[in-house]
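Report on the following structure.
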């Protein structure tokens, strides 16, 4: 049994990155697209560090995160990272790590309903063009 209190923000982000990506991939497959290159291109609008940073900003601005989710986000954002940002600035990278930590936290605590609620929110925002991610 995994003890949530033993997991830091980066560890939660490690899980959250995979969980969020699977949901997004499944969503994209539901569009009927089958060419992997096209799917990969489309997924960047959802899973890039820039997209995730933009989405977490919207969540905070619209006050849709619980106090605990905000704490998890900040822990992930502020955690010491041993990897470097690729294709983005450090601030964006840190924000996306916080975003992923929230997703990992919701998954590992078994709150699938809330996880899906936030992911559906993200999908709607990206598809409505409300993020600055491309």
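Some observations on this one:
- Residues in the stretch 75-88 that are free of Cβ contacts under 8 Å to residues at least 60 places away in the same chain, within 20 Å of residue 12 (Cα to Cα) and surrounded by 12 or more Cβ atoms within 10 Å (Cβ to Cβ): 85 alone.
Here's the yes/no breakdown for (1) surrounded by fewer than 16 Cβ atoms within 10 Å (Cβ to Cβ); (2) in contact (Cβ under 8 Å) with a residue 12 or more places away in the chain:
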{"residue": "12", "(1), (2)": "no, yes"}
{"residue": "21", "(1), (2)": "yes, yes"}
{"residue": "26", "(1), (2)": "yes, no"}
{"residue": "34", "(1), (2)": "yes, no"}
{"residue": "38", "(1), (2)": "yes, no"}
{"residue": "43", "(1), (2)": "no, yes"}
{"residue": "50", "(1), (2)": "no, yes"}
{"residue": "63", "(1), (2)": "yes, no"}
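- Of all residue pairs spaced 6 or more apart or on separate chains, those with beta-carbon atoms under 7 Å, a first member in the stretch 110-121 that is under 19 Å from residue 54 (Cα atoms) and a second member that is at pLDDT 95 or above and loosely packed, with under 13 Cβ neighbours inside 10 Å are 121/64.
- Leading residue by the ranking (farthest from residue 54 (Cα to Cα)) among those in the stretch 89-108 that are surrounded by 15 or more Cβ atoms within 10 Å (Cβ to Cβ) and more than 9 Å from the chain's Cα centre (by Cα): 108
- Unmet criterion (only one of (1) surrounded by 12 or more Cβ atoms within 10 Å (Cβ to Cβ); (2) at pLDDT 95 or above; (3) more than 23 Å from residue 4 (Cβ to Cβ)) for residue 131: (2)
- Taking (1) surrounded by 11 or more Cβ atoms within 10 Å (Cβ to Cβ); (2) at pLDDT 90 or above; (3) within 21 Å of residue 108 (Cβ to Cβ) in turn, residue 8 satisfies each apart from (2).
- Residues in the stretch 59-94 that are part of a helix (DSSP H, G or I), more than 18 Å from residue 7 (Cα to Cα) and in contact with a helix residue (DSSP H, G or I) (Cβ under 9 Å, 6 or more places away or on another chain): 59, 60, 91, 92, 93.
The values are calculated or read from the model by the stated rules, or taken from the named source; none is laboratory data. Because the structure is a prediction, the values reported are computed rather than measured. Backbone-built Cβ (ideal geometry, glycine too); neighbour counts: all protein chains shown.
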